[in-house]
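To start, the structure under review is shown below, and the notes come after it.
The values are calculated or read from the model by the stated rules, or taken from the named source; none is laboratory data. What you see is a predicted model; the values in this text were computed from it and never measured. Note: ideal-geometry Cβ built from the backbone for every residue, glycine included; neighbour counts use all protein chains shown. Quick note on the areas: whole protein, heavy atoms, side chains included, nothing else; ligands and nucleic acids left out. Shrake-Rupley method; radii C 1.70, N 1.55, O 1.52, S 1.80 Å.
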Amino acid sequence: MRQGEISLAGLLALFSLYLMWKSTELPIGYIRGQGPGGGFWPFWLSLGMLLSCAAIAWNWWRGTSPAAQSNEPIMDDFGWRTVIFVGGGIVGFVALINVVSMYGAIAIFLVYYLHFLGRHSWWLTLTIATVLPIALFFFFEAAMLISMPQGMPFTQPFFDVMYDIIY
């Protein structure tokens with residue numbers, strides 16, 4: 001586990017640096033009258049991820065985290081099954097974006113994750129899977145002025161209603 005912790009932190013740190021470098025191709029600051037530049041969120045979230053990787057490496061070097069003190073295997077059978085189920089859900093989420101829109105894919109992923117993997121009640125699952133995509137729609141489309149993928153034409157009635165609320 002000790003080797004896995006530092007290896008993954010290093011890999012994620014390199015990925016963070018790449019994303020930060022790539023996001024500087026677009027403005028990373030706030031543009032007056034338009035909102036954040038196209039590289040704003042990728043850059044600053046990647047910086048946060050890089051700082052988190054540095055904290056993991058620091059704790060690994062000091063040997064203060066449980067993983068840094070362990071010589072056990074990285075994952076048992078339950079861990080591998082979890083990675084497969086969650087990773088498969090994320091692959092499905094990404095595949096659905098161009099079909100049912102970003103917000104529809106979020107709703108479907110939340111149903112899968114909360115009810116089928118998390119074993120939460122249908123009431124909680126459907127509440128979160130409905131409220132969160134709508135809140136994200138207003139955050140991105142109205143507040144941030146960033147349009148997300150809208151999927152196939154059959155999703156257009158949803159967007160027509162939502163844009164009527166905004167405008």
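Taking a quarter of the surface of the convex hull around the Cα atoms of region 34-89, what do you get in nm²?
Over all viewing directions, region 34-89 projects a mean Cα-hull area of 6.1 nm².
For region 77-166, would you read off the P(r) tail past 18 Å as a percentage of all alpha carbon pairs?
In whole percent, the share of Cα-Cα pairs in region 77-166 beyond 18 Å is 50.
What does the helix-only formula give at 222 nm for the chain: each DSSP H stretch with n ≥ 4 adding -39500 (n - 2.57), the total divided by the residues, and the result rounded to the nearest 500 deg cm²/dmol?
-22500 deg cm²/dmol
Which is the longest part of the chain that has none of the trypsin sites (Lys or Arg not before Pro) sitting in a DSSP loop with at most 10 other Cβ atoms within 10 Å?
So the longest stretch without any such site is 33-118.
Classify region 118-159: rounded, prolate or oblate, from the alpha-carbon gyration tensor (a ≥ b ≥ c, eigenvalue square roots; a/c under 1.5 rounded; otherwise prolate if a/b is larger than b/c)?
oblate
Which sequence of M162, M1 reflects their accessible areas, 1.4 Å probe, from the largest down?
Ranked from most to least accessible, the order is M1, M162.
Along Cα→Cβ, 7 Å out, is where each label goes; now give me the distance between the ones at V83 and K22 in nm to one decimal.
2.2 nm
Loop only by DSSP, 12 or fewer other Cβ within 10 Å of the Cβ. Give me the chymotrypsin sites (Phe, Trp or Tyr not before Pro) in region 1-78 that pass, ordered by residue number.
none
So how far apart, in nm, are the two label points at S70 and R119 if each is 7 Å from Cα heading toward Cβ?
2.1 nm
Using alpha carbon coordinates only, what is the Rg to Rh ratio of region 2-69, with Rh defined as the Kirkwood radius?
With Rh from the inverse mean 1/r over Cα pairs, Rg/Rh is 1.17.
When N is the residue count of the chain, what does its C-alpha Rg come to as a fraction of 2.2 N^0.38 Å?
1.28
Show me the helices of the chain, taken as full DSSP H stretches, that run 18 Å or more along their long axis by Cα and average -0.5 or above in Kyte-Doolittle hydropathy.
2-23, 40-62, 77-111, 122-137
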